[in-house]
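The values are calculated or read from the model by the stated rules, or taken from the named source; none is laboratory data. Quick caveat: nothing in here was measured; it's all calculated off a predicted structure. Backbone-built Cβ (ideal geometry, glycine too); neighbour counts: all protein chains shown.
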Amino acid sequence: MDDFYINKVLSGDYNSYNYFVKTYKRFAFSISYAILKDKKLTEEVVQDSFVKAFEQLKSFNKEAKFQTWFGRIVINESLRIAKTKVIEYVVYDEIPTKDIRIINDSIKLINEQEQKYYISAVFKLLSPKEAIALELFYLKECSIKEIIDLTGWSESKIKMLLLRGRKSFYSHLKKILKTELMEII
Amino acid sequence: MQKDNTLHRLLEIKETPEPSEFMDDKIMTIISQNVLQTSKNRKILYLAWFFFMIGLVSGIIISTIFIKTDTTVFGFNLSDQGLIIKVLCVSAILLLFEKLYRLSIGIRYKQFDI
């Protein structure tokens with residue numbers, strides 16, 4: 001389907017590009033939001049990425065997947081913008097399995113709305129690269145190979161980011177839940 | 001690499017805002033404006049090349065005629081000053097050619113607009 005519309009756009013029917021906007025806007029928005037954590041900024045980056053992809057469509061290799069090619073544009077653009085925001089991220093030590101169990105039990109004590117709120121807040125505390133690695137691996141169900149194609153990073157870097165992201169996520173969540181549960185008690 | 005199921009379940013709870021409903025229209029408007037601008041720029045560029053070629057050809061014809069005859073302009077004999085005029089004209093042509101060439105490359109790779 002993508003190939004059909006790519007050929008249409010390349011033959012001059014630029015309105016056919018609407019198909020790509022409609023199909024990939026949610027995908028682009030979620031991966032860019034994982035990096036930028038700001039709705040307005042994400043919308044701007046997604047818009048720019050779509051325009052950039054349109055302008056570079058001639059150079060698209062039709063043997064590749066459009067989603068991967070476009071996803072890479074979105075990720076690069078988002079990381080470029082994220083670089084301008086200077087925030088220091090903490091690197092945490094390994095979380096013991098016992099603590100993960102406690103976190104898992106504690107989160108069940110708070111209601112669904114609060115769970116959503118705290119987990120979203122914790123996700124925002126992750127560094128852009130950790131966040132995108134987790135988003136792609138756990139939520140978009142991408143394999144390591146697909147993440148390599150999307151980001152251009154090496155396998156070891158992706159694995160390191162996934163491990164670091166996991167540690168940071170649990171550590172931040174543990175801290176937040178500790179305070180929250182203390183308040184409840 | 002094995003997935004951490006607890007982390008997977010927790011991340012699924014995470015909230016991701018939806019893109020605004022006007023985003024599609026905004027993107028398509030920007031794209032149609034870009035397409036329009038690019039085609040305008042191309043037309044301007046073709047015209048620039050057209051006039052450059054007309055100027056170049058007429059310049060060659062005129063200079064050939066002037067050099068053959070004994071024409072004077074403001075008291076100067078053009079055949080005497082031939083070399084200076086040729087140097088000035090060729091420099092101007094090269095300068096214009098370089099500008100037009102850079103503009104063509106710029107428009108092709110979208111480095112800048114007219």
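Looking across segment A:144-178, the residues that are under 13 Å from A:Ser127 (Cα atoms), among the hydrophobic types (A, V, I, L, M, F, W, C) and crowded, with 20+ Cβ neighbours inside 10 Å come down to A:Leu161, A:Leu162, A:Phe169.
One line per residue, one yes/no per condition, for (1) assigned to a helix (DSSP H, G or I); (2) modelled with pLDDT of 85 or more; (3) over 20 Å from A:Leu57 (Cβ atoms):
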site	(1), (2), (3)
B:Lys26	yes, yes, no
B:Ile30	yes, yes, no
B:Lys43	yes, yes, yes
B:Trp49	yes, yes, yes
B:Phe52	yes, yes, yes
B:Val57	yes, yes, yes
B:Ile67	yes, no, yes
B:Asp80	no, no, yes
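Within segment A:127-143, the set of residues being surrounded by 15 or more Cβ atoms within 10 Å (Cβ to Cβ) and under 15 Å from B:Asp4 (Cβ atoms) comprises A:Glu130, A:Ala133, A:Leu134, A:Glu135, A:Leu136, A:Phe137, A:Tyr138, A:Leu139. Can B:Asn41 be described as touching a residue at least 40 places away in the same chain (Cβ under 8 Å), within 14 Å of another protein chain (Cβ to nearest Cβ) and not charged (D, E, K, R)? So B:Asn41 passes the test.
Restricting the search to helices (runs of 4 or more DSSP H) fully inside segment A:41-143 and requiring at least 3 residues that are within 14 Å of chain B (Cβ to nearest Cβ), more than 14 Å from the chain's Cα centre (by Cα) and modelled with pLDDT under 75 gives A:97-107. Number of residues in segment A:1-27 that are facing another protein chain (nearest Cβ under 8 Å) and buried (at least 16 other Cβ atoms within 10 Å of the Cβ): the value is 5.
Candidates in segment A:26-55 are the residues that are touching a Phe, Trp or Tyr at 6+ places or on another chain (Cβ under 9 Å) and without any contact (Cβ under 8 Å) to a residue 24 or more places away in the chain; of these, the one that is farthest from A:Asp3 (Cα to Cα) is A:Lys39. Of everything in segment B:4-24, what is assigned to a loop (DSSP other than H, G, I, E, B) and more than 7 Å from every other protein chain (Cβ to nearest Cβ)? Give them in sequence order. Once the filter is applied, which keeps residues that are assigned to a loop (DSSP other than H, G, I, E, B) and more than 7 Å from every other protein chain (Cβ to nearest Cβ), segment B:4-24 yields B:Glu18, B:Glu21, B:Phe22.
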